[in-house]
Amino acid sequence: MLEDSKKKRTFDAIVIGSGISGGWAAKEFTQKGLKTLVLERGRDVKHIVDYPTTMLQPWELQHRGQLPLDIRKENPVVSKCYAFHEGAAHFFVKDKEHPYIQEKPFDWIRGYQVGGKSLLWARQTQRWSRFDFEGPARDGFAVEWPIGYDDIAPWYSYVEKFVGITGNKDGIDTLPDGEFQKPHEMSCVEKYFSQKVSEKYKDRHIIIGRAAHLTDPQQIHYDQGRAQCQNRAICERGCPYGGYFSSNASTIPWAMRTGKLTLRPDSVVHSIIYDEKKGKAVGVRVVDAHTKAMTEYYADVIFVNAAAINTNLILLNSVSSRFPAGLGNDSGVLGKYVAFHNYRARVNGEFEGYLDQTTEGRRPNSGYIPRFRNVYKQETDFLRGYAAGFGANRISYNSSQGLGEALKNNLSAKKYGNWSVGSHMMGETIPKETNFVELDKNLRDPFGIPQLRISVDYDDNDEKMVRDYIAQMKEMFEMAGFTNIQAADSKQAAGLDIHEMGGARMGKDPRTSVLNGFNQMHACKNVFVTDGACMTSTSTQNPSLTYMALTARAVDYVVKERKKGNL
Ligand SMILES: Cc1cc2nc3c(=O)[nH]c(=O)nc-3n(C[C@H](O)[C@H](O)[C@H](O)COP(=O)(O)OP(=O)(O)OC[C@H]3O[C@@H](n4cnc5c(N)ncnc54)[C@H](O)[C@@H]3O)c2cc1C
Ligand code: SF4
């Protein structure tokens, strides 16, 4: 009887987490015929039916999209995220529900549900370039990456075709081109700025962003049940058209259709079970989110995709006599070298040209400035560089202020001002041993799992980078004739960039890294980490496309190794 029940709880592969990377692991495993269990700590969110605000007009939302002050006060951390508003608040973790300890200020923004943060993300998808993978070795920080651009390039193509990426082939060294659908159009002032900048600087480019939106859906997207993006730009509510990529619209239903997927929401993974005799991991311990009962599930292969920081937590909490400091932690680096993106600075201004033109409708994307600092050689007093967002929109005054007659009048009396131009920085940070996460020895969460202490901060390199971004951007804005230029350093805490990475880094040497070049644990060969925790360094690009490509590549490796009888 017991054996029978154990059999029901035994799979070929277990995937922890159903967000961007876990969804990809589920799709790849099931498509390749493996019986797969996805364990997700949050509730189920079904595509379309569980997007309660997706069709609401502003006036149909109780507070017209704003969140009441008491909710914001109760949630000081998550309230800092721009997407935490009335239309999407139900997809964010509230501060008090899942406590953690901020040794240093760290805004940990989370989405616990089927789909994870794939419902909420801003969908910017840039490939890493060879300069990113070569960075640590060239500049002497962290450890050398065990892979380079050529190892991952085919996997970028593979995931891009399925996800659907809009973009332009710009032919820029620091931003390799991908498999793009029709690009979004730049506004006339964005085009003007692009031209002015390329006339003056041969290595700086203003281009349209690359984003996970279907501008020209192909059969593979219709097969997923997705359709063309309607440019509504309210994506974080969930998209009934599947216009943008999320696990919910794409990878999870795809995996489900194979008949090989068991999806178990409300299942909080406590730890991974290591069998000392077999010398490998055999399964996971799961706490039921409602009953708090603990159950074990078993598999030949385990993928940890709980998002970078929670993946560190699970691994640190997976202790055994073989691994007293956390699973696979022979090197002692598990939980260390956590890094993020430096999003502190903005530069805004106005432009008094093109006053006879404006933009029409919405565009769920913006302009992008690929990294240009320290690319071919070290040229500043800080290491690495930054990319930046750029956008130019006509200021209009048809506000939705007022009620009744006044509101109608305001809406119909559209007045235009100058163009508003703005940019924000996206800086690479250097992973350091002193930026780490660890388990608290006393405090537990509601599931009996140790709470996490997060000790992650900026350093002098980041401060210098902020100053350089502001100086360079001001220079470029002035050169283009923009006026009323204002720069701001928000000094926001680490974490609000929502690109946390590292802690279980990849590397060539098991003495200094946790994972090898296939995201496989050096010391426990049937456990793989393919979310942000695996990242050896951070680049300037948005990271999620790279997690997807690494995941598909790692699953392919697993399947080949299984055929050889190695896993
Ligand atoms: C507002 C916003 C904008 C963003 N914009 C971009 C962007 O433009 N481009 C970009 O590349 N990235 C962006 N990101 C970041 C992006 O969302 C993440 O990089 C991506 O979702 C990470 O994928 P993941 O699979 O590692 O984690 P997630 O998508 O967060 O999924 C992790 C899943 O694991 C589950 N989980 C956690 N712990 C456990 C446990 N113990 N047991 C079981 N399940 C568990 C979680 O509930 C969650 O569902 C943005 C994020 C936000 C919130
Ligand atoms: S902009 Fe596109 S992807 Fe976003 S909600 Fe609208 S239709 Fe969906």
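Of the residues making up segment 463-472, not one is within 25 Å of the chain's Cα centre (by Cα), under 15 Å from Gly349 (Cβ atoms) and surrounded by fewer than 18 Cβ atoms within 10 Å (Cβ to Cβ). Residues in segment 390-435 that are assigned to a strand (DSSP E or B), over 21 Å from Ala345 (Cβ atoms) and small (Gly, Ala, Ser): Ser396, Gly417.
Against the condition open to solvent by less than 30 Å² (accessible area, probe 1.4 Å) and modelled with pLDDT of 95 or more, how does Gln126 come out, does it pass? Answer is yes for this residue. Across segment 186-214, the qualifying residues are those that are surrounded by 14 or more Cβ atoms within 10 Å (Cβ to Cβ), among the charged types (D, E, K, R) and assigned to a loop (DSSP other than H, G, I, E, B), and the one among them that is nearest to ligand 1 (Cβ to nearest atom) is Arg210. A single entry from Phe436, Phe447, Phe477 fulfils the requirement of being within 22 Å of Tyr343 (Cα to Cα), more than 24 Å from the chain's Cα centre (by Cα) and among the aromatic types (Phe, Trp, Tyr): Phe477.
Looking only at segment 473-498, residues that are open to solvent by 20 Å² or more (accessible area, probe 1.4 Å) and either within 18 Å of Pro370 (Cβ to Cβ) or without any contact (Cβ under 8 Å) to a residue 60 or more places away in the chain (or both) come to 2 in all. Filtered by the rule that a residue be out of contact with any helix residue (DSSP H, G or I) (no Cβ under 8 Å at 6 or more places or on another chain) and of a type in the set (Lys, Arg), segment 145-171 gives a lone residue, Lys169. Filtering segment 521-561 to residues that are open to solvent by 10 Å² or more (accessible area, probe 1.4 Å) and closer than 24 Å to Glu433 by Cβ leaves His522, Ala523, Tyr547. Exactly one residue among Glu405, Glu379 is within 30 Å of Gln57 (Cα to Cα), free of Cβ contacts under 8 Å to residues at least 12 places away in the same chain and surrounded by fewer than 19 Cβ atoms within 10 Å (Cβ to Cβ), and that residue is Glu405. Answer yes if at least one residue in segment 70-82 is more than 26 Å from Ser247 (Cα to Cα), of a type in the set (A, V, I, L, M), more than 14 Å from ligand 1 (Cβ to nearest atom) and out of contact with any strand residue (DSSP E or B) (no Cβ under 9 Å at 6 or more places or on another chain), and no otherwise. Yes, because at least one residue in segment 70-82 is more than 26 Å from Ser247 (Cα to Cα), of a type in the set (A, V, I, L, M), more than 14 Å from ligand 1 (Cβ to nearest atom) and out of contact with any strand residue (DSSP E or B) (no Cβ under 9 Å at 6 or more places or on another chain). The set of residues from segment 185-214 being within 28 Å of Glu350 (Cα to Cα) and among the small types (Gly, Ala, Ser) comprises Ser187, Ser194, Ser198, Gly209, Ala211. For segment 215-259, the set of residues classified as in a loop (DSSP other than H, G, I, E, B), open to solvent by less than 10 Å² (accessible area, probe 1.4 Å), within 16 Å of ligand 1 (Cβ to nearest atom) and of a type outside the set (S, T, N, Q) consists of Gly238, Gly243, Phe245, Ala249, listed by residue number. Candidates are the residues of segment 61-84 that are farther than 20 Å from Val114 by Cα and within 16 Å of ligand 2 (Cβ to nearest atom); the one that is surrounded by the fewest Cβ atoms within 10 Å (Cβ to Cβ) is Tyr82.
The set of residues from segment 443-462 being over 23 Å from Arg285 (Cβ atoms), of a type in the set (D, E, K, R) and in contact with a strand residue (DSSP E or B) (Cβ under 9 Å, 6 or more places away or on another chain) comprises Asp457, Asp462. Of all residues in segment 528-565, those that are in contact with a helix residue (DSSP H, G or I) (Cβ under 9 Å, 6 or more places away or on another chain), at negative phi and in a loop (DSSP other than H, G, I, E, B) total 9.
In the set (1) open to solvent by less than 30 Å² (accessible area, probe 1.4 Å); (2) under 25 Å from Gly502 (Cβ atoms), Ala325 fails one condition alone, (1). The number of residues in segment 138-181 that are farther than 22 Å from Arg373 by Cβ, in a helix (DSSP H, G or I) and in contact with a Lys or Arg (Cβ under 6 Å, 6 or more places away or on another chain) comes to 2. When residues in segment 101-123 are screened for being within 12 Å of ligand 1 (Cβ to nearest atom) and either open to solvent by 30 Å² or more (accessible area, probe 1.4 Å) or farther than 15 Å from Asp50 by Cα (or both), 9 of them pass. Residue check: Pro217 meets all listed conditions (1) within 16 Å of ligand 2 (Cβ to nearest atom); (2) touching a Lys or Arg at 6+ places or on another chain (Cβ under 7 Å); (3) closer than 30 Å to Phe351 by Cβ but one, namely (3).
The values are calculated or read from the model by the stated rules, or taken from the named source; none is laboratory data. Note that this is a predicted model, so its numbers are computed, not measured. In this analysis, Cβ positions are derived from the backbone assuming ideal geometry, glycine residues included, and neighbour counts consider all displayed protein chains. The protein model used for the area step is the full one, side chains on, heavy atoms only, and it has no ligands, DNA or RNA in it. Shrake-Rupley method; radii C 1.70, N 1.55, O 1.52, S 1.80 Å.
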